[in-house]
Amino acid sequence: MSITTNQQSAPTKKIGILTSGGDCPGLNAVIRSVVKASTLKGWDVYGIPYGTDGFIGIAEGKYHPEDLLLARHGYNLPGILKGIDVLQFLSGSVLGSLSKGHPEDSEIASKILKGYEILGLDALIVVGGDGSIDIIYELAIRGNWKMIAIPKTIDNDVPYTELAVGFTTAVEIVTQALYDLSFTAASHERVMIVQVMGRDAGHLALHAGIAGGADAIFVPELTPHLTPEILEGCCRQLARLRAEGRNFALIVVSEGVKNLEGNKEKYIADYLEKVIVEKMHVLCDADPAFCDLKAVDVRAMSLGHLQRSRPPLAMDRLLATVYGIKAVELIEREKFDRVVVWRGGKVRGLPLKPIIKIIQQCHHENRCAYPVEADSFMVKTARSLGIYLGESEISEGSIDPESLAILV
Ligand code: F6P
């Protein structure tokens, strides 16, 4: 009896895959999915090390193409964890990633193009955020590459996809951190201010803030910068909670929120701690009702890169796997220059060009390409729970019955 695979008789293909931009949980699951699906078709997959820098390495002879073949060499981890399948469990990127802007000069861009040519790829899968996809698309146009993009980022700010790889796990990490912090906060009757990543998008802070029980959430879309009114609103929220008998509070601030002067702070949580304490004193001078707050201890912390570095949750593994399979399918059908997206429970390959146009326009105007919408269901949910979102008055808020119509 002979063992058969569903290997196709269609001509073999050479495809490349690279990860670019900040790492996140699920990158290795995408790589594994692409390698598995391609190998079954008899294709070769080349893993490009460190984003487009890998092409420079190939052009300079640092990497030999044969050594980059993923299926042939696999990743032989210690003990029984051998081969390509274990990749779906691991965080980070086994290919390495690159967080650089546009290639500094045309000599570097030419080397990248030369490296691609040496490999003679039929298509390149780029696993990246909006910045990386934009930069690499420019190179793809110049080099006439056939590109498929897979969105990944804990910021979840790639337009037209409801989910980017890594986001769900990051939400879980931040949610768990908030839960953990509530015990130390309660033990010391403290207000904890927690800084969350997201660049100029507030999805991570908003989702995790709601799930983790935050009492105030500041995101750049609703609170582009702090104001005296917002600080007062926050102190009122803290005073209200104390009056209700809560002996601690959690404030989540997204890193994209700017200070009172409208400038970016490296540690906006530390800044917020300082100005909230100042505000508590000012309010007490004017109104004794606030004087209780003066005694409250406030502590700030930033969760930093811990938000990116856990094994992917099942949902991120599934998303990464489905995205990888879709990318391979698009290559097989020769539908190039596409970005794989998740919308309304469906996976699609949308044309890349118009999405790049939106990304470029937003970057040009210093706007987030896929911001939190002020009237989104998540924002309404936060308001309905009485979470302070930086509005000068706490809105009663209510869940729009129309948004529930789908369930009926
Ligand atoms: O885009 C992902 C992200 O983690 C952002 O949330 C954050 O601002 C940035 O990357 C941090 O980048 P770096 O790894 O270069 O510090």
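The values are calculated or read from the model by the stated rules, or taken from the named source; none is laboratory data. Keep in mind it's a predicted model, so treat the numbers as computed, not measured. All Cβ positions, glycine included, derive from the backbone under ideal geometry; neighbour counts span all protein chains shown. All accessible areas refer to the heavy atoms of the entire protein, side chains included, with ligands and DNA or RNA removed. Shrake-Rupley method; radii C 1.70, N 1.55, O 1.52, S 1.80 Å.
Figures for the structure shown
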read-out	value
Single residue of region 279-304 satisfying the filter (touching a residue at least 24 places away in the same chain (Cβ under 8 Å) and open to solvent by 40 Å² or more (accessible area, probe 1.4 Å)) that is nearest to the ligand (Cβ to nearest atom)	Ser302
Condition met for Ile251 (within 16 Å of the ligand (Cβ to nearest atom) and open to solvent by less than 40 Å² (accessible area, probe 1.4 Å))	no
Flag if Val165 is in contact with an Asp or Glu (Cβ under 9 Å, 6 or more places away or on another chain), closer than 30 Å to Glu329 by Cβ, of a type in the set (A, V, I, L, M) and open to solvent by less than 20 Å² (accessible area, probe 1.4 Å)	yes
Matching entry among Val158, Val191, Val219 (being in contact with a Gly (Cβ under 8 Å, 6 or more places away or on another chain) and either more than 16 Å from the ligand (Cβ to nearest atom) or under 15 Å from Asp130 (Cα atoms) (or both))	Val158
Set Ile141, Ile118, Ile148: member being away from the ligand (no atom under 16 Å from the Cβ), under 27 Å from Arg333 (Cβ atoms) and surrounded by 24 or more Cβ atoms within 10 Å (Cβ to Cβ)	Ile148
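Yes/no matrix, rows are residues, columns are (1) touching a His at 6+ places or on another chain (Cβ under 6 Å); (2) touching a residue at least 40 places away in the same chain (Cβ under 8 Å); (3) not hydrophobic (A, V, I, L, M, F, W, C):
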| site | (1), (2), (3) |
| --- | --- |
| Ser97 | no, yes, yes |
| Ser110 | no, no, yes |
| Glu117 | no, no, yes |
| Gly131 | no, yes, yes |
| Leu139 | no, yes, no |
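The rows are residues; the columns are (1) in contact with a strand residue (DSSP E or B) (Cβ under 8 Å, 6 or more places away or on another chain); (2) on the phi > 0 side of the Ramachandran plot.
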| site | (1), (2) |
| --- | --- |
| Gly83 | no, yes |
| Gly92 | no, yes |
| Gly96 | yes, yes |
| Glu104 | no, no |
| Glu107 | no, no |
| Ile118 | no, no |
